[in-house]
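Right, one structure below, let's go through it.
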Amino acid sequence: MRIISALALTTATLIAAPAFAQDSTDTASGKRFAVVGGVAQLQPKGDAGAGVGDIDGSPAPTLSASWYVNDNVAVELWGAADKFSHRVNSPAGAKLGTIEQQPLALSAQYHFGQADNTFRPFVGVGYYESNFSNEDVAAVDGLHVGVDTAKGAIGTVGVDMNINPTWFVRADARYLHARPELTVAGQRTGDELKLDPWVVGLGIGARF
């Protein structure tokens, strides 16, 4: 993917470029804010519901901003900077239509080890909402089929690789408990889609 290739090139540049060299007294410890930009692949589970088979995954750019209570505990606001687009398939594999979604999450995180360690794994848990839009799915008796907003728990595991006290590379995986309700002509049906996607991402961050 072009976006991942660009991220890899940027990461290599950050590692090699002397312009990013830090003063020997500089440290990541005590820096309270961090921002990360990257790309992620959102993959819903298969067999999402009655009459629905697989829902294809897709990539989208992501952004996050974190406030560190201390070197180990942080609060992160994370979301997709653009929409994830999905093809909806029947159990037989035929295309039923397409939908888009854009998640936003607030999580508490714990980062292990010292702030200046080269590798810093972290875990997190929080709450998210994902708005679905542009539903273009086979109509029921000519009526529009929609997907209600998904909301619930989100869990995160990841690792930061420190390039220097300011710059780092982040790889993470997020699990969203997603059971949005289907609607027909704007009315709730009581039928849920069991999406429960994994979101796997790669990004470049800066702390200050």
Q. Yes or no: G57 modelled with pLDDT under 95 and closer than 19 Å to L202 by Cα?
A. yes
Q: Output the residues belonging to the stretch 102-121 that are outside any strand (DSSP E or B) and farther than 13 Å from A28 by Cα.
A: F112
Q: Would you confirm whether any residue within the stretch 2-22 is exposed (fewer than 12 other Cβ atoms within 10 Å of the Cβ) and either basic (K, R) or at pLDDT 85 or above (or both)?
A: yes
**Q.** Complete set of residues in the stretch 78-101 that are in a strand (DSSP E or B), among the small types (G, A, S) and over 20 Å from the mean Cα position of the chain (by Cα)
**A.** G97
Q. When residues of the stretch 85-124 are filtered for being over 26 Å from D47 (Cα atoms) and either without any contact (Cβ under 8 Å) to a residue 60 or more places away in the chain or buried (at least 20 other Cβ atoms within 10 Å of the Cβ) (or both), how many remain?
A. 16
Q: Look at the stretch 40-75 and say how many of its residues are in contact with a Phe, Trp or Tyr (Cβ under 8 Å, 6 or more places away or on another chain) and either more than 17 Å from L193 (Cα to Cα) or of a type in the set (K, R) (or both).
A: 14
Q: Tally the residues that are in contact (Cβ under 8 Å) with a residue 40 or more places away in the chain, outside any strand (DSSP E or B), among the hydrophobic types (A, V, I, L, M, F, W, C) and within 18 Å of E181 (Cβ to Cβ), restricting the search to the stretch 139-163.
A: 0
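The values are calculated or read from the model by the stated rules, or taken from the named source; none is laboratory data. Keep in mind that this is a model prediction, so the values were computed, not measured. In this analysis, Cβ positions are derived from the backbone assuming ideal geometry, glycine residues included, and neighbour counts consider all displayed protein chains.
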